[in-house]
1. Considering each of 63, 74 in turn, give the residue that is without any contact (Cβ under 8 Å) to a residue 60 or more places away in the chain, assigned to a helix (DSSP H, G or I) and surrounded by fewer than 20 Cβ atoms within 10 Å (Cβ to Cβ).
2. Among the numbered conditions (1) at pLDDT below 95; (2) more than 14 Å from the chain's Cα centre (by Cα), tell me where residue 54 comes up short.
3. Looking at the stretch 10-20, can you tell me whether even one residue there is under 25 Å from residue 129 (Cβ atoms) and modelled with pLDDT of 95 or more?
4. Can you list residue pairs whose Cβ atoms sit under 7 Å apart, with the first residue in the stretch 1-14 being within 15 Å of residue 26 (Cβ to Cβ) and the second being at pLDDT below 90 and not aliphatic (A, V, I, L, M)? Count only pairs 6 or more apart in sequence or on different chains.
5. Grab the helices (runs of 4 or more DSSP H) fully contained in the stretch 121-175, keeping just those with 1 or more residues being over 19 Å from residue 30 (Cβ atoms) and of a type in the set (Gly, Ala, Ser).
Amino acid sequence: MIPDPKLIEGCLQGKRKAYALLYKRYAANMLGVCMRYGRNLAEAEDVLQEGFIKVFTNLDKFRQEGSLEGWIRRIMVNTAVDHYHKQTKEGLFVSLEEIKDPHGTGEHGEEDEDLPAADLTADDLMEMIQRLPDGYRIVFNMYAIEGYSHQVIAETLNISVNTSKTQLFKARRMLRNVILHRSLDHANKR
């Protein structure tokens, strides 16, 4: 296996084989990242392709201080976020004024509660995440999966920290409800 620095060097020299090997090495993992942000496979593939164009055109800016995979992942996340900014005319996010809390728990009251237990596969969870509204899905992925802070999410998405927290809270609540409903359906079928 060719080490990453050699692949980078080959790409910077314009060698097609190096581009192909770099893409082949990271495309599957990055498609997984893009799938979490996309509504479907076609959309995720679009983001993946756009992301790799950015990777290849900016490879000379990779300082080799961290992992190449981490650098590519960050580009994919940013590309997914940019994709939704371009796609959404009214904006991704529900404003704080539009959010109603029917349970009276406050806008962030249950934020750190665990999701109900259920027999879920990774594919089941991916499908549930993909069904979240765009803003919820993006904030959930950036916070819960990528590990970004609410401050970084707010700056990246050009929203307030409170909006980021509210989007995460609502995403978790929706996922919790779907999982709970699924668990009850399975219990009733027995």
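The values are calculated or read from the model by the stated rules, or taken from the named source; none is laboratory data. Quantities reported herein were computed from a predicted structural model and do not represent experimental measurements. Note: ideal-geometry Cβ built from the backbone for every residue, glycine included; neighbour counts use all protein chains shown.
1. 74
2. Failed condition: (1).
3. no
4. These pairs meet every condition: 5/64.
5. Numbers: elements: 122-130, 134-140, 150-157.
Result: 134-140, 150-157.
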